[in-house]
Amino acid sequence: MRADWRVFNARDIGMVLRISFGAWRRQWLDLALTFGMLILAAILPLGIPSIYWQGVLTVTLVYALASTGWNILGGFTGQFSLAPATFLMLGMYTSALLVHYRGWPPVAGILATLPVTSVIGMVLGLLCLRLRGPYLALTTVAFSEITRNLIRFSYNFTRGDLGLSVPTLYGMEGNRLYYYYTIYLLNIAVILAVHLLMSSRVGLYLRSIRDDEVAAAGRGVNTVLWKTMAFTISSSICGLAGGYYVHFIGLASPEMGLLLQAGFIISMAVIGGMGTLGGPLAGAMLLYPLSEYVRRFGIQYMVIFSFLMILMIRFWKAGIYGTILNIMDRWVTSSGSAPALGSKYL
Amino acid sequence: MMEILVTGAIMGTFYAMLALGLSLIFGILKVVNFAHGEFFMIGAYTYAILTRTFGVTSFLAVLPAALMGIAAGLIVERLLMRPLYQRYMEWATLRDEYAVIVTFGLSLFLINLANQVFGPYQISGAGLVPLRERMQVGGVTLSTHRVLASILGASILLAAYLLIKYTYWGKAVQAVAQNRFGAAIAGIDSTRVSLIVFGISGGLAAVAGALLSPIFPAEPFAGAFPAVKSFVVVVLGGMGSLPGSIIGAYLLGILEQVGAVYVSYTYRDTFAFLVLILTLLLRPQGILGERVREV
Amino acid sequence: MEVPLLWVQNISKRFGGLQALSGVSFKLEEGELVGLIGPNASGKTTLLNVINGYHTPDSGWIRLRGERINGLSPFQIARKGVARMFQITHIFPRMSVLENMLTVGYAIGRIPAKSLVHRAHEILDQLSLRDWIYEPAASLSGGQRKLLEFGACFMAAPRLALLDEPFAGVHPELKAVMERFIQSYHAEGGTVFIVSHDIPALVSICPRLIALHAGVLLADGPTEQVIRDEAVLESYLGSYTPSEV
C-alpha cells in the first residue's frame, strides 16, 4: 500500500498545530480584521442620531451583504458574474410576491428568499459550467437583462416599473436601529459562514478553480460541483440581502436589477479588496455613505466609483482592505522576502 | 416577409459594424470589450450635437463622429489595455478578471459621465435626408434615411473589411490574432496593431451610433442595447471570426424582426439573449469559430 | 495473472485531419518506472491527456487496475490515483505554496487529512522549497514553479504519476533533485510514467522505455533494447540533439 505516510503522532502535536495554524493564518487574520470593522459598525449608528443617516447605514449593510455574496463567486472562485444585482432583485420580488399574494409575514418571506434564489443561482451556475471569462460575464448579463425584462413586462403580476409595495419588517414607525441591527446580525452570520467555508478545504478548491480551472480538475477538484456550489451560495446571499432590503424600503422595483447596481456592488468588492473576507464590507462602508453624500451635490456617484474601480484594478489590485491585510500578514509571517506593496496574492 | 428581411438586414448592417470591431478586439486580445456600446454612444452624441446644436450638414457630421470614436478607441487602448499584453506572463491568469472589470467599469464610467454632462435627456440627430422622406425598396416602403444610412454603413464596413483582409497592417492584425508571440518574432509591432484595432472598432461603432441617432436618440444608455446585441452576434458568429460576426449580425437582425412580428413585440429585445444562451449551450464555438486546446 | 496497474488498449485519437494516436496499446505494472520518448508531435502529450481524461479517445479503452477509466472526467481519474504533471506549469499562482500542496491533498483524498500538512512539509523540504511555503506561488522562479508542480503531483501518494517533460528548462541541480525524488519514490514501490525529450536522463533512471512516433507505438521494452531499436533510431534518436530541449 502506498498510503503508509506517517500519520500524525502525539510527539509532534505542537508542531502540527503550529503548521496547521500557519496554513490558515491568512484566513484567521482576515476574520480578526473583519471583526474589528464589525465592532466599529456596531457602535457607529449609536453615535449618529440622524434617522436619515441611520437609514443610510442600514442600506450600507444590505449592500455589504450583497457584495460579500458576489465576492464568493467573483473574488474567491474567479467566476465573473455581472448578475449580483439581479439576485438582489430576485430576492426582493420573492419576498414581496409571497407577502403580497400569499399573505406571508415578512420574516417568512425573507427566509423564503434563501431556497428560491439558491435554486435560481444553481440553474444559472449549471448553464455557465462550460463558460469562462468573457463568455461567463456575457451570459450573466443576458440572464440579468432577461430577468429584469420579464419582471418589467409581467405587469399584471409584478406591477412592472411602478414597483410592488410591501409592508416593512418592523412597521412604519419601527425604530430605525432595529432595522440596522437586524441586517448587522445577518452580516455577522454570513461573514462567519463565509469564513468557515473559506478556511476549510472548500476554500482551497474555490481558489484553485479561480487560479487555474484545468489544473484544478487535473488534481482531483470536482470543478463542476464547486462552481455550481459557489453560484448557489453567492446567489442565495445576494437574495437574502434583497429579501431584507424590500422589507426595509417597502418597495420592490426592477430598478434594482440594473447593470448599474451590479456595477455598484462589484465596485465595492473591488475597491475593498476582492478575494478577502472583509473587503466587500470595507468597500460598502466606504462607498455607500459616500454615494449618499455626493448625491447632494448632484454628482452621479457611479462616475466616481467606476473610475475608482478602473484605477484600482489597474494599479492597486489588492484593494484598500486587501492591502491592510497583506501588511498585517507580512508582520505575522515576517519571512525574509517582502513582496512589493499590494502585489501579494494579487 | 420581404419587409422583415429588409428591415432585419438594415439593423443587421449596424450590428455588423459593432460586432466587427468587437470581434477584432477579441481576436487580438482574447477579451470582450464591455465598453463597446459607449463608443457607439460617443458617436451618437457627437453627431446629434453637431447636427442639432451647431447645424452642421448631416453627411459632414459623420466624419467628426467617426474621429471621436477612433480617438476614444485609441485612448482606451493606450491607458487600459496595455497590461493585457505587455506584461503578458505576469498577467496570464489575471487577464480575464482584469479585462471584464476594467471594461465593465469603463462602460459604467462613460454612461454616468454622459449622464452627468448631458443629463438623462434624449438628443436625436438630424437625418441624412429629412426623416419624413420615404422610398420603395423591393416593394417595401422605408424611410430614405434608414436606407441611405445602411448603404453608407455597409460601404464603410466593406472598406474596413477589405482593409483588414488585404493591406499590410490588416495582415499584421490577422497574424497577431493567430499567434501573438509568432507575430512578435516576425517583427510585427503588436502595440501598433492593437492601437489600429481599437481605432477601427471605435470608429465603426461611433459611425453606427451617428447613423442611428435619428432613430435611436443619443442618451447615456444609448449604447447598452446595441452593445449587448453585438456581443450576442460575436458569440453567434464565433468569437474572433470576422466573416462569422458579419453573418451573425445579419442573422440576428432578421431573427429579431421575425420574433418581433410573430412572437411578441414587447419582448423583442429579449430574443437576442435567448439566442446567446442557446448558442453558448449548443454550439459554444459559434457558427464559424474554432475550439481551442486548453492543456 | 495479476491485473496490470494501467492497461492502455488500442487507443486512437484524431484532431481534425491529424491522426494524433493510432492504436496505441501497452501495460504498466505496479511499481514500474517507465519513460515515454518520441519526437515532437508524436502524440506523447495527447496520450497523457487521454489517460487523464482531458480528451476522450476515438477508440480503445484504458483500465486502471482492471477498472475502465476512459470516459470519466479528469477529476475522477485524478481521485483514482492518477497524478499529472503538466508540461506548461499549472500551479495556482495566488495561493501560497503550502496551499497549492494542500489543495491536491484534500481534493484527491487518498491521505488522511490530518497528516496532509506534515506530508506537504516533507515533500517541500526534499524539493528545497521550505523557505517559500507561505509565499504566493506567483513569487516563485520558473524552476521553482516546476518543482512545486512536481511536488504537487506526488502530494497525494498517487498510484501512478504521469510526468510530462519534468526536466524541460530546469537547472541541472534541480533536475538532480527531481531524479532523486523519482528514484526514491520508485524504490518505495510507486509507479511513475515520464514523458521527456531528455533521453540521457530517462536512460539513466528508467529501466523500461516506450517509443512513440506519429501516434504509433514503435517500441516497448527494456531501455537498452529500445535505444538500440532500429526504427526508434531512425525516427528519433538519429536526429536527436541535446539542444533540442
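The values are calculated or read from the model by the stated rules, or taken from the named source; none is laboratory data. Being a predicted model, the structure only gives us computed values, none of them experimental. Cβ: placed from backbone, ideal geometry, glycine included. Neighbour counts: every protein chain shown.
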Checklist outcome for this item: Filter the stretch B:215-237 for residues that are more than 14 Å from the chain's Cα centre (by Cα) and surrounded by fewer than 23 Cβ atoms within 10 Å (Cβ to Cβ); the one that is nearest to B:Ile111 (Cα to Cα) is B:Phe221
Next on the checklist: Name the residue that is surrounded by the fewest Cβ atoms within 10 Å (Cβ to Cβ), counting only residues in the stretch A:241-262 that are at pLDDT below 90 and within 10 Å of chain B (Cβ to nearest Cβ).
Outcome noted: A:Leu258
Item to check | So A:Thr228, is it among the polar types (S, T, N, Q), surrounded by fewer than 23 Cβ atoms within 10 Å (Cβ to Cβ), over 23 Å from A:Val141 (Cα atoms) and away from chain C (no Cβ under 11 Å) | outcome: no
Item to check | Options B:Leu131, B:Leu142: the member that is over 20 Å from the mean Cα position of the chain (by Cα), assigned to a loop (DSSP other than H, G, I, E, B) and of a type outside the set (Lys, Arg) | outcome: B:Leu131
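Yes or no, residue by residue, for (1) within 27 Å of C:Lys44 (Cβ to Cβ); (2) of a type outside the set (S, T, N, Q); (3) touching a residue at least 40 places away in the same chain (Cβ under 8 Å):
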site	(1), (2), (3)
C:Ser59	yes, no, yes
C:Glu99	no, yes, no
C:Pro136	no, yes, yes
C:Leu140	yes, yes, yes
Checklist entry - Any residue at all in the stretch B:11-32 that is outside any helix (DSSP H, G or I) and small (Gly, Ala, Ser)? => result no
Item to check | Cross-chain or 6+ apart pairs with Cβ under 7 Å, the stretch B:176-203 first and touching a residue at least 60 places away in the same chain (Cβ under 8 Å) and part of a helix (DSSP H, G or I), then of a type in the set (Lys, Arg) and surrounded by fewer than 23 Cβ atoms within 10 Å (Cβ to Cβ) | outcome: B:Ser190/B:Arg180
Checklist entry - Has the stretch C:199-207 got any residue that is assigned to a loop (DSSP other than H, G, I, E, B) and of a type outside the set (A, V, I, L, M)? => result yes
Checklist entry - Filtering the stretch B:254-283 down to residues that are touching a residue at least 40 places away in the same chain (Cβ under 8 Å) and within 12 Å of chain A (Cβ to nearest Cβ), which residue is farthest from A:Leu129 (Cα to Cα)? => result B:Asp269
Checklist outcome for this item: Pairs returned, first residue in the stretch C:78-93 that is at the interface with another protein chain (Cβ under 7 Å from one of its Cβ atoms), second residue that is assigned to a strand (DSSP E or B) and not charged (D, E, K, R), beta-carbon separation under 6 angstrom, 6 or more apart or interchain, are C:Arg84/C:Leu162
Checklist outcome for this item: Flagged in the stretch C:63-72 as assigned to a loop (DSSP other than H, G, I, E, B), buried (at least 16 other Cβ atoms within 10 Å of the Cβ) and either free of Cβ contacts under 8 Å to residues at least 24 places away in the same chain or not charged (D, E, K, R) (or both), in numbering order, are C:Ile69
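To keep it simple, each residue is scored yes or no on (1) under 23 Å from C:Gly169 (Cα atoms); (2) crowded, with 21+ Cβ neighbours inside 10 Å.
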{"residue": "C:Asn52", "(1), (2)": "no, yes"}
{"residue": "C:Ser59", "(1), (2)": "no, no"}
{"residue": "C:Ile91", "(1), (2)": "yes, yes"}
{"residue": "C:Thr103", "(1), (2)": "no, yes"}
Item to check | Candidates C:Ala157, C:Ala152, filtered to the one that is surrounded by 22 or more Cβ atoms within 10 Å (Cβ to Cβ), out of contact with any Cys (no Cβ under 8 Å at 6 or more places or on another chain) and either within 13 Å of chain A (Cβ to nearest Cβ) or among the hydroxyl-bearing types (Ser, Thr, Tyr) (or both) | outcome: C:Ala152
Checklist entry - Filter the stretch C:108-119 for residues that are facing chain A (nearest Cβ under 7 Å) and in contact (Cβ under 8 Å) with a residue 40 or more places away in the chain; which is nearest to A:Val202 (Cα to Cα)? => result C:Ile108
Checklist outcome for this item: Scanning the stretch A:302-326 residue by residue, the ones that are in a helix (DSSP H, G or I) and either in contact (Cβ under 8 Å) with a residue 24 or more places away in the chain or β-branched (Val, Ile, Thr) (or both) total 17
Checklist entry - Does A:Ala217 count as within 20 Å of A:Gly275 (Cα to Cα) and in a helix (DSSP H, G or I)? => result no
